[in-house]
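Only one structure is covered here, and it is reproduced in the block below.
The values are calculated or read from the model by the stated rules, or taken from the named source; none is laboratory data. Predicted model, so just to flag it, every value in this text is computed and none were measured. Neighbour counts are summed over all protein chains in view; Cβ atoms, including those assigned to glycine, are modelled from backbone coordinates with ideal geometry.
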Amino acid sequence: MARSSDLRKGTVIERDGDIWLITEYKHSTPGNLRAIFQLKLKSLTTGQIQSLRASASDSFDVAYLDRRKAQFLYKEGTDSFIFMDEETYEQFPLPADLADEAMGFVKENTTVDVTFHDNSPIGIDLPPQVTLEVTWAEMAVKGNTATNVKKDATVETGMAVKVPIHVKEGDVIKLSTLTGEFMGRATD
């Protein structure tokens with residue numbers, strides 16, 4: 001149990017049978033009144049956003065999260081991704097609704113950190129950037145030399161990205177996992 005004053009941005013709590021990530025935390029003491037804590041919560045199972053106002057006397061259950069290294073093996077249909085725990089070699093599914101966007105940055109046989117709550121996978125943690133090969137890129141228009149011109153491309157995971165006009169099929173590029181933006185060509 002943790003009191004409202006012990007919580008911080010990034011803490012994960014259990015509430016109403018769900019687990020919630022604190023995305024915003026504000027403490028205020030208006031005039032001579034009691035302290036008020038404004039929390040913005042995001043459900044780690046459904047993605048729902050919720051605001052909560054708490055007093056100093058409120059207490060919350062802090063959720064225990066476990067992170068394990070796991071290798072992405074393959075996508076099973078449209079509803080799950082199959083991973084293998086690197087310590088136990090046990091295979092487990094991660095539901096697509098929990099990781100679908102992030103999986104555009106992960107190619108098969110890549111190791112990532114998978115977050116667990118009560119031995120159930122709830123998401124993955126990506127490195128700040130990844131390197132992926134361009135499998136398709138639009139043709140550059142001759143004479144189009146304006147700065148910051150972008151064209152459509154597809155990387156080896158099937159994710160669509162915007163790249164500068166000089167990038168071509170077969171190039172290996174760096175992408176930010178936070179924004180999905182092109183960061184440059186990968187150097188060998």
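Pairs linking a residue in region 80-107 that is in contact (Cβ under 8 Å) with a residue 60 or more places away in the chain and under 26 Å from residue 131 (Cβ atoms) to a residue that is among the aliphatic types (A, V, I, L, M) and assigned to a strand (DSSP E or B), with Cβ atoms under 7 Å and 6 or more positions apart or on different chains, are 102/124; 105/130; 105/175.
Any residue in region 137-155 that is under 30 Å from residue 14 (Cβ atoms), touching a Phe, Trp or Tyr at 6+ places or on another chain (Cβ under 6 Å) and modelled with pLDDT of 90 or more? Walk me through how you get there before you give the answer.
Keep residues of region 137-155 that are under 30 Å from residue 14 (Cβ atoms), which gives none.
There is no residue in region 137-155 that is under 30 Å from residue 14 (Cβ atoms), touching a Phe, Trp or Tyr at 6+ places or on another chain (Cβ under 6 Å) and modelled with pLDDT of 90 or more.
Checked against the criterion of being surrounded by fewer than 19 Cβ atoms within 10 Å (Cβ to Cβ) and within 29 Å of residue 46 (Cα to Cα), the candidates 90, 133, 169 yield just one match: 90.
Filtered by the rule that a residue be at pLDDT 95 or above and in a loop (DSSP other than H, G, I, E, B), region 53-86 gives a lone residue, 86. Before we move on, is residue 15 over 24 Å from residue 121 (Cβ atoms) and not polar (S, T, N, Q)? No, not satisfied. For region 89-99, the set of residues classified as farther than 18 Å from residue 157 by Cα and either part of a strand (DSSP E or B) or modelled with pLDDT under 95 (or both) consists of 91, 92, 93, listed by residue number. Evaluated against (1) without any contact (Cβ under 8 Å) to a residue 24 or more places away in the chain; (2) of a type outside the set (D, E, K, R); (3) over 26 Å from residue 92 (Cβ atoms), residue 163 falls short on exactly one condition, (1).
Here is a yes/no grid of residues against (1) in contact (Cβ under 8 Å) with a residue 12 or more places away in the chain; (2) touching a Ser or Thr at 6+ places or on another chain (Cβ under 7 Å); (3) on the phi < 0 side of the Ramachandran plot:
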site: 23; (1), (2), (3): yes, no, yes
site: 26; (1), (2), (3): yes, no, yes
site: 33; (1), (2), (3): no, no, yes
site: 36; (1), (2), (3): yes, yes, yes
site: 48; (1), (2), (3): no, no, yes
site: 53; (1), (2), (3): yes, no, yes
site: 56; (1), (2), (3): yes, yes, yes
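The residue that is nearest to residue 120 (Cα to Cα), counting only those in region 38-58 that are surrounded by fewer than 13 Cβ atoms within 10 Å (Cβ to Cβ), out of contact with any Leu (no Cβ under 8 Å at 6 or more places or on another chain) and not β-branched (Val, Ile, Thr), is 47.
Please find, among 104, 123, the residue that is at pLDDT below 90, within 30 Å of residue 14 (Cα to Cα) and crowded, with 16+ Cβ neighbours inside 10 Å. It would help to see each step written out before you state the result.
Details: 104 fails: at pLDDT below 90.
Residue meeting the stated conditions: 123.
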